[in-house]
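The values are calculated or read from the model by the stated rules, or taken from the named source; none is laboratory data. Computed from a prediction, not measured in an experiment: that's the story for all the values here. Cβ atoms come from the backbone with ideal geometry, glycine included; neighbour counts cover every protein chain shown.
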Amino acid sequence: KNSSKSNEPLIWQWVEDIDPSKITDVEVRTAYRLNLPKCKSCRKNCQGKPTCLFGLGEAQWMSAPSDLDRDNLQQKLEKQIEAEKRKEGELVGLKNLGATCYVNTYLQLWYHNVSFRNALYSLEYKDEDLALQQSLCGQLQLIFGLLESGVSKSVDPTEFIKCLGLATDLQQDAQEFSKLFLSLLETTPSLSQVIKDQFCGEYTYVTICQSCKSATQRPSNFYELDLNIQGNKDLKSCLTEFLREEKLVGENQYYCTKCKSKQNAIRKICLKKLPQTLNLQLLRFVYDRASQSRQKISTNLSFPDYLDFPMVESGGHLLGHDDTQYKLTAVLIHRGLSASSGHFVAHIWEPESGNWYKFNDELDLDSYKGEDNVCKEIIQELEPAPKKIKLSKGCHSSKDVYMLVYSKATVDMLKRNPVPEAVKKLVDEHNASEASRFANIRNEADEKRVKDMEMRKKMVSFIQILHSEKESKHQWLPAKILKHFLNTTKSDSVLKQEINYLCSHGNLKVDKAVLLKYVPKPAADIVQHAYPGLKPMSDLMLCHTCVKNQCLLIQSKKKLKEDHFLVSECLKTQQNGLDKDPGEFFYVGKQSLKRWRSLAMQDIMKKYGSTSSLDVADSTDSKSNTAKNESSDECEDSFNSDLLCDHNALTIDQSCFQFVPLLIWNVLKYYFPDCVQFKFGQATPCQTCLNDVISAQKKIVERKKFAIEQKSNLHQLFLGKNRPSISFLNEVEFLTESNQTDFFVVSNQFLSEWREFVRHPEKHEPVTSVSNDIFMCAHGKLLYDPLLILASDKDVEEDDFDHRCELVWSAEWRYIVSNFIVDHEICINKTLPIESTSRLIYTPELCITCMAGLEAKKFQQLCRYEDAEIYVLKSTQSAQDFDSFQNKNGEILSKETRRGKRVRRCVRGEKKLTNLSSTLTLKDLKIRIMNQFSVPPFDQNLWMNGKRLMNDELTLETLHIIPGCTITVVEDTPSMDNSALIFEPVKTTEPETGFQGTGLLGY
């Protein structure tokens, strides 16, 4: 239970029977909660009790830390340092900078290639310090040096990534990175030869004419073989497909230079030379035309520990067995289902130890012995397969492998070159920096421990002073700041004194004592020194005036509560008819009587509550709190003001007041002495208001007569019956000129207002004028064709209701002209038949120029929209057979522009596109259509109203695509086979656009 509320009776119980003018220091100290019993110990600080100085956070300082805690802290620190240090003979990982795991796998792969590393170490520079910091090869040397001789468990490749200009938050194509990087290094003279020896092989494209049997050869070098895995279950099938003969027949016939004509031929790839290190790039990432993005092929592929190439030719004869035997030395894995995300991991065989290592950035640098464990480790990278894969001994399988590295099994173990002196110097500097960092961690921990001990001594001394009973002088401190001071280990922020604790007399507010603590002055001085912005509050700053006002406030509230009960009971007695006393009665406003208590409470608070915001005495009175909330929502009118009319006299509205007896009136008069007073039998209602009511009633009677007269003369127009329509005007025949009939136009706006007046004349003013100005242009002619905007025509939809009209008969028009003010007379008549035809004549005539401009403006507005919908229909015809569609739909445009906002359902085969904006481009629309019909944008031919929509960069507004229109999609039949991208074995010479702007394309 909140201590501040539980102590209320003890604090203010003396108020009821005391004279406020005789308050002493004892009552003042009681009001400030200083006479409450002191706490000897308290686990949780008592809220609202200034003398309770326990449970503020001192417990953490009074219990001294044990030696065991210090030993545990030291052990934890040493474990942290050991976790970052490299053990002797341990391999090192590379930090992932966000999405650079694909770079890390290749850096580990090339580092463990001893021939490549030796060649890199042999590079020399004139200015070695500058070259190592700024050149790509220098940065690569430094990374290799740290991987070999660094003291940390992980190497930061940030400078190397910056040197290449790669984005750290964008995952790129790992296979393309490998090709571009090796091509870039090949331009370095000292590395060119080792790259060719290690990675470069040779094959020949052989084409044999089936007619003359002549063969043409085109040799080509390769750095990796790109193998298709789609439809293949093992590596051998991939290689067989790569070397399979291709028949060139039909449209693909080969032009034979010897036969001087196109002939059937056979084309195949012959391997001539294999490199020391054979990189097999598996085409696991392919381009999907439907989604226009790269996709990953997640099919299992098995591969052996040893690979043999008996079909390799060299100088016209097959190579020996020793030259075609390869051993698996690295497996590169891609985790994840998407080609644009996921994670790259490398498994590399280390020849000196004979162990396999998994390189997962700086994590999981685990080793495992034996080649049989490679398969287990790779399969653990993946989700569990639904069926167990059966493999022969020495074979492995994975659905995430994207590159296999095989090395010649007969290659002797090479001697490793030492790290160059210039690189070793930088590595030593890095190691020294790391050793210094580890030492600083230990020193900072020691300094923190000493600082904690000093802080603990100071806090223990402060707590002893805080609980000392010898001090006689005290000061007030905010409890929030005192708790913050005793819990400085949790937060180092400095708190500001945001609350104003002083009253208008310059002393401490009596209601703010619940937020403060009564602290010995020496302890308060220590806290104030820690918080320079904290203003001291002396124990002498107790405000007698505020306590007196609070006493008067409580007593007034108590009396108000009693008077409210008295008034309520008297009103109940009067309502039940039990009051037979024919005494004096007074007028009281019903709203004022309903909320008189809240109005009285406002006056009391204004008088006595200016120094206090805490409702002390009435805190448990729910009715008082409800009255206070109601009063805050009501307007601040004075009591009984609702009795007055606009002339400050007694209102004539009897529903606004009621009568109360003299007993109740005396109570109300006590709280509202300046309110207006009307005694029953002496006050009379406002005569001016009575006269106004009589005048208004006469006016309503006149309006009703006027409305009845107009309704009688224009009865058919009022009901909307027997109206001249378009069909009537077109069908009626006038035989003689004397029988010619005129029709007149009135606006729908006039008719709507006039009909409302006739129906409810007591609520609406009479309509005195007929305005046809909205139908006129600046030239004094008609801006609209009246027959197209008739209000009675259900087939025409128009957004603007005011621009509609109706036709009236000549007799009706004569009455309108004589009883209303008409600004423009619009007449329609029909000429005599001439050669069996007749025509309508408008007076004034139509303005063709302005009408055309208005139609163009409307169509422009129709082409600008947000959150609109259109309909798309896919044609089953080919693009060549679609000419008939143009003739069939060439006249739709005019109908579409007049459709307005009419809602229709999709017809068969149509699909509705919603949430469209006129600012979208045609390209954006094609993408939306692709999501509905699965037709790629480049295969879409869009037609609307017999015209083809061209230029993908134009907006829907520019193309005049309006809401509710229908667009037809004609699909081009794709002529290119998707399999060409997947099965093409020839290495492409054009790099992917993903590396444009980086150092890989021109360092």
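Here's a check for you: in the stretch 756-782, which residue that is touching a Leu at 6+ places or on another chain (Cβ under 9 Å) and either under 17 Å from Asn713 (Cβ atoms) or aromatic (Phe, Trp, Tyr) (or both) is modelled with the highest pLDDT? Walk me through how you get there before you give the answer.
So the first thing to find is which residues in the stretch 756-782 are touching a Leu at 6+ places or on another chain (Cβ under 9 Å), and the list is 758, 774-777, 781-782.
Among the residues that remain, those that are also either under 17 Å from Asn713 (Cβ atoms) or aromatic (Phe, Trp, Tyr) (or both) are: 758, 775.
Details: Val758: 93, Phe775: 89.
Of everything passing the filter in the stretch 756-782, Val758 is modelled with the highest pLDDT.
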Qualifying residue in the stretch 163-171 (condition: within 22 Å of Ile333 (Cβ to Cβ), touching a residue at least 40 places away in the same chain (Cβ under 8 Å), in contact with an Asp or Glu (Cβ under 8 Å, 6 or more places away or on another chain) and buried (at least 19 other Cβ atoms within 10 Å of the Cβ)): no
- line: When every residue in the stretch 336-354 that is modelled with pLDDT of 85 or more and under 14 Å from Ala174 (Cβ atoms) is compared, the one surrounded by the most Cβ atoms within 10 Å (Cβ to Cβ) is Phe344
message: Cβ-Cβ distance below 7 Å, separation of 6 or more or different chains: which pairs start in the stretch 861-873 with a residue that is assigned by TED's automatic domain parsing to the domain that holds Thr919 and end on one that is acidic (Asp, Glu) and outside any loop (DSSP other than H, G, I, E, B)?
response: Tyr871/Glu910; Val872/Glu910; Leu873/Glu910
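Could you list, in sequence order, all residues of the stretch 684-703 that are among the β-branched types (Val, Ile, Thr), in contact (Cβ under 8 Å) with a residue 12 or more places away in the chain and out of contact with any His (no Cβ under 6 Å at 6 or more places or on another chain)?
We begin by selecting, within the stretch 684-703, every residue among the β-branched types (Val, Ile, Thr); these are 684, 688, 693-694, 700-701.
If we keep only those that are in contact (Cβ under 8 Å) with a residue 12 or more places away in the chain as well, we get 684, 688, 693, 700.
Residues satisfying the conditions are Thr684, Val693, Ile700.
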task: Could you list all residues from the stretch 156-171 that are touching a Leu at 6+ places or on another chain (Cβ under 9 Å), over 13 Å from Thr105 (Cα atoms) and not acidic (Asp, Glu)?
output: Thr158, Phe160, Ile161, Cys163, Leu164, Gly165, Leu166, Thr168
field: Filtered residues of the stretch 775-789 (kept if part of a helix (DSSP H, G or I) and either over 50 Å from the mean Cα position of the chain (by Cα) or under 17 Å from Lys857 (Cα atoms) (or both))
entry: Phe775, Pro786, Leu787
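Take the conditions surrounded by fewer than 19 Cβ atoms within 10 Å (Cβ to Cβ) and touching a Pro at 6+ places or on another chain (Cβ under 6 Å) and apply them to Thr188. Does it pass? Steps first, please.
On the way: surrounded by fewer than 19 Cβ atoms within 10 Å (Cβ to Cβ): yes; touching a Pro at 6+ places or on another chain (Cβ under 6 Å): no.
Here the answer is no, as Thr188 does not meet what is asked.
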task: Might you let me know whether the stretch 212-235 holds any residue that is closer than 24 Å to Phe285 by Cβ and of a type in the set (Val, Ile, Thr)?
output: yes
Selected residue (criterion: nearest to Pro50 (Cα to Cα)) from residues of the stretch 422-445 that are surrounded by fewer than 13 Cβ atoms within 10 Å (Cβ to Cβ) and more than 46 Å from the chain's Cα centre (by Cα): Ala432
- prompt: Ser178 versus (1) in contact (Cβ under 8 Å) with a residue 40 or more places away in the chain; (2) in a helix (DSSP H, G or I); (3) surrounded by fewer than 20 Cβ atoms within 10 Å (Cβ to Cβ): which is the lone unmet condition?
  reply: (3)
field: strands (runs of 3 or more DSSP E) lying entirely in the stretch 907-978 (those with 1 or more residues that are at negative phi, in contact (Cβ under 8 Å) with a residue 60 or more places away in the chain and of a type outside the set (A, V, I, L, M, F, W, C))
entry: 940-944, 966-971
message: The conditions are (1) at pLDDT 90 or above; (2) over 23 Å from Val26 (Cβ atoms); (3) hydrophobic (A, V, I, L, M, F, W, C), and Leu516 fails exactly one of them. Which is it?
response: (2)
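Those residues that are closer than 30 Å to Phe303 by Cα and polar (S, T, N, Q), I need them from the stretch 240-257; list them, please.
The one that is closer than 30 Å to Phe303 by Cα and polar (S, T, N, Q): Thr240.
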task: Scan (1) in the same structural domain as Leu283 (by TED's automatic domain parsing); (2) of a type outside the set (A, V, I, L, M, F, W, C); (3) surrounded by 13 or more Cβ atoms within 10 Å (Cβ to Cβ) for the single condition Glu251 breaks and write down its number.
output: (3)
- prompt: What number of residues within the stretch 505-520 satisfy the criterion of being crowded, with 22+ Cβ neighbours inside 10 Å and in a loop (DSSP other than H, G, I, E, B)?
  reply: 1
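Within the stretch 410-421, how many residues are farther than 25 Å from Pro351 by Cα and either of a type in the set (A, V, I, L, M, F, W, C) or surrounded by 15 or more Cβ atoms within 10 Å (Cβ to Cβ) (or both)? Spell out how you get there, then give the answer.
Here is the first cut: in the stretch 410-421, the residues farther than 25 Å from Pro351 by Cα are 421.
Subsequent filtering for residues that are either of a type in the set (A, V, I, L, M, F, W, C) or surrounded by 15 or more Cβ atoms within 10 Å (Cβ to Cβ) (or both) retains none.
Residues that pass the stated criteria total 0.
Got a number for residues in the stretch 632-670 being within 21 Å of Lys606 (Cα to Cα) and more than 57 Å from the chain's Cα centre (by Cα)? Reasoning before the result, please.
The first filter runs over the stretch 632-670 and keeps only residues within 21 Å of Lys606 (Cα to Cα), leaving 632-641, 667-670.
Restricting the remaining residues to those that are more than 57 Å from the chain's Cα centre (by Cα) gives 667-670.
Qualifying residue count, the stretch 632-670: 4.
Do the conditions hold for Asn264, that is, is it out of contact with any His (no Cβ under 7 Å at 6 or more places or on another chain), at pLDDT 90 or above, over 29 Å from Asp400 (Cα atoms) and polar (S, T, N, Q)? Write out each step before concluding.
Details: out of contact with any His (no Cβ under 7 Å at 6 or more places or on another chain): yes; at pLDDT 90 or above: yes; over 29 Å from Asp400 (Cα atoms): yes; polar (S, T, N, Q): yes.
Considered against the rule, which asks whether it is out of contact with any His (no Cβ under 7 Å at 6 or more places or on another chain), at pLDDT 90 or above, over 29 Å from Asp400 (Cα atoms) and polar (S, T, N, Q), Asn264 comes out as yes.
Considering the stretch 710-728 alone, what residues qualify as being in a helix (DSSP H, G or I) and surrounded by 12 or more Cβ atoms within 10 Å (Cβ to Cβ)? Give the steps one after another, and end with the answer.
So in the stretch 710-728, the residues in a helix (DSSP H, G or I) come out as 710-713, 715-719, 726-728.
Passing the criteria: Gln710, Lys711, Asn713, His715, Gln716, Leu717, Phe718, Ile726.
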query: Among all residue pairs at least 6 apart or on different chains, which show Cβ distances below 6 Å where the first residue, located in the stretch 743-759, is farther than 10 Å from Ile826 by Cα and the second is charged (D, E, K, R) and in a helix (DSSP H, G or I)?
result: Gln749/Asp802; Val758/Lys711
field: Entirely in the stretch 258-307, the strands (runs of 3 or more DSSP E) that have 1 or more residues that are surrounded by fewer than 19 Cβ atoms within 10 Å (Cβ to Cβ)
entry: 261-263, 265-273, 285-288, 293-296
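Scan the stretch 335-354 residue by residue and report those that are among the acidic types (Asp, Glu) and out of contact with any His (no Cβ under 9 Å at 6 or more places or on another chain).
Taking the stretch 335-354 and keeping what is among the acidic types (Asp, Glu), we get 350, 352.
The answer is Glu352, and nothing else.
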task: May I ask you to list the residues in the stretch 503-548 that are of a type in the set (S, T, N, Q) and within 54 Å of the chain's Cα centre (by Cα)?
output: Ser504, Asn507, Gln528, Ser538
